[in-house]
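This report refers to the structure that appears directly beneath it.
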Amino acid sequence: MSNPPIPPATPTTSLLSLDALFDNPVFAGGFGLAGLGAAAALARRGAIQGASLIKRRLLIDLEIGKQDPSYPMLLAWLTLPRPPGGFLASKLTRIHHMSMNTSSRASNDGPGHTSFLAQPGYGRHIIRHKNAYIAVNRMKGASSNMNTGEPFETITLTTLYAHRHIFGDIFKQAHELALTAQEGKTIIYTTKAFDWSQFGEARRKRPLESVILDSGIKERIVADVQDFLGRQQWYVDRGIPYRRGYLLYGPPGSGKSSFIQALAGELDFGLAIINLSERGFTDDKLAMLLTKLPARTILLLEDADAAFRNRRQVDSEGYSGGSVTFSGLLNALDGVAAGEERIAFLTTNHIDRLDEALIRPGRVDMTVRIGEATRYQAAAMWDRFYGDIDLDGNGRQRFLDKLEELDLVAGEQSDEKARLNTSTAAIQGLFLFNKDNMDGAIAMAEGLIPRIYESEKQEGLKVPA
Ligand SMILES: Nc1ncnc2c1ncn2[C@@H]1O[C@H](COP(=O)(O)OP(=O)(O)OP(=O)(O)O)[C@@H](O)[C@H]1O
Ligand SMILES: [Mg+2]
């Protein structure tokens, strides 16, 4: 019996064991998987880099922040219904996150009107505008505006580079939309910390005819403002700042604020209101606000005498105790930081408290007294309220006679003033109380006598002139 042949010794034991390893299905599978994984990771990196390259080459972004005036316009535009397009397009462009914007206002045709506007909420949406798909990303920032405490917010629009012209079109539409929404309205701005903010919704314009000032006054102011608005080049050519200031003074309720609001409407301007008697309103704040007055607005500084009351409150270090001072007001009106273009109206009930320095041209160019109701105004207001039922003017005559009898207005031919006075606001109040009832208004005319004189009248005492 011979021994079985010994197999030749293998020169590469290690290789053999590797082969064996690869023959092992568990090991080979694992290695294969790892290889696949690495390849996939590589491919993904490539894809991401490729995508970002493509994105950079092919896409275009546009970012706008909340503080930009176009922001609310764009948001309103995004809520417009759009034609649905095809099946896929309509599924793709459905907005799934909404946020609510509710506003209420009084209306003519009912007790009030509340509008609910569902806006695209935070997050990503896709919209289609004229064949272009646009990704919309509305984001709330982590930090907030130091002045107003509101968080920063941005909207980013992304579309194909080839469709970049669509942005111009979108913003044009959004602006037009905002303009039509504000047609026939006056936007009122008030101050919010160190900034201007729109006060409620734009209000319906107050017709200029609805404010009744004494004969010729309204026309004189309107003509002056219109002349100013037509003369910009004249000012530029002469190197004069393009500014004009008006001071309206007179008793409460004579229509000063109402007239200025109506004038803003007439000129298609907004109205930016600062109440100088507001506590905590400092010189710095006033100066800051005037440098960023919204475009096409009339600046209205109510209660200008407040600054004069405070003129002596400045201590040796110049601290004014948290209110506007006289010098603060003068600087705001024509100091270096006063801003180039501006129409400003100041109002006050106390002209005697004002200072000559204010009425220097460049600060206040025109001063007008808006006084107690005159016979002319009482007649015109009567016509506005009862013109349609008092066709022969008999009621108006009786009303005016009664006012004359009460010595609230002067006689028709008389050069003398009436001894008592009443305000146009009081006459309006009387008419509002007696809607469609002229006899009621005439019977209640005694109510127009200012309260301070009433007791004396009852006692039959002579009322002071
Ligand atoms: N001349 C006027 N013509 C029409 N309405 C008037 C007139 N004067 C007052 N009114 C009415 O009276 C109310 C108060 O008027 P307004 O606020 O304009 O007075 P004002 O002169 O600004 O008073 P104040 O000095 O207290 O600020 C308003 O509702 C306004 O419509
Ligand atoms: Mg007023």
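The values are calculated or read from the model by the stated rules, or taken from the named source; none is laboratory data. Computed from a prediction, not measured in an experiment: that's the story for all the values here. As a convention, Cβ positions derive from the backbone with ideal geometry for all residues, glycine included, and neighbour counts pool all protein chains shown.
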Query raised in the report: Only one of (1) over 23 Å from PHE308 (Cβ atoms); (2) at pLDDT 95 or above fails for LEU248. Which number is that?
Result: (1)
**Report entry** Selected residue (only one of SER90, SER104 is modelled with pLDDT under 85, in the same structural domain as HIS175 (by TED's automatic domain parsing) and in a strand (DSSP E or B))
**Finding:** SER104
Query raised in the report: For the range 189-216, how many residues meet the condition of being within 16 Å of ligand 2 (Cβ to nearest atom) and of a type in the set (A, V, I, L, M)?
Result: 3
Query raised in the report: Of all the residues that make up the range 250-275, how many are of a type outside the set (A, V, I, L, M, F, W, C), within 12 Å of ligand 1 (Cβ to nearest atom) and in contact (Cβ under 8 Å) with a residue 40 or more places away in the chain?
Result: 10
Query raised in the report: Can we say ILE389 is assigned by TED's automatic domain parsing to the domain that holds ALA306, of a type outside the set (Lys, Arg) and away from ligand 1 (no atom under 11 Å from the Cβ)?
Result: no
Query raised in the report: Which is aliphatic (A, V, I, L, M), at pLDDT 90 or above and at negative phi, of ILE212, ILE127?
Result: ILE212
Report task. For ILE212, work out the one condition from (1) hydrophobic (A, V, I, L, M, F, W, C); (2) over 24 Å from ASP355 (Cβ atoms); (3) buried (at least 22 other Cβ atoms within 10 Å of the Cβ); (4) touching a strand residue (DSSP E or B) at 6+ places or on another chain (Cβ under 6 Å) it doesn't fulfil. Result -> (4)
Requested in this report: Spot the failing condition for GLU153; the list is (1) within 16 Å of ligand 2 (Cβ to nearest atom); (2) not assigned by TED's automatic domain parsing to the domain that holds GLU340, and only one is missed.
Outcome: (1)
Query raised in the report: Only one of ARG244, ARG220 is part of a strand (DSSP E or B), away from ligand 1 (no atom under 12 Å from the Cβ) and not hydrophobic (A, V, I, L, M, F, W, C); which?
Result: ARG244
Report summary line: Of (1) more than 16 Å from ligand 1 (Cβ to nearest atom); (2) touching a residue at least 40 places away in the same chain (Cβ under 8 Å), ARG360 satisfies every one except (2)
Query - GLU278 vs. criteria in a helix (DSSP H, G or I), within 30 Å of ASN421 (Cβ to Cβ) and within 16 Å of ligand 1 (Cβ to nearest atom) - result: no
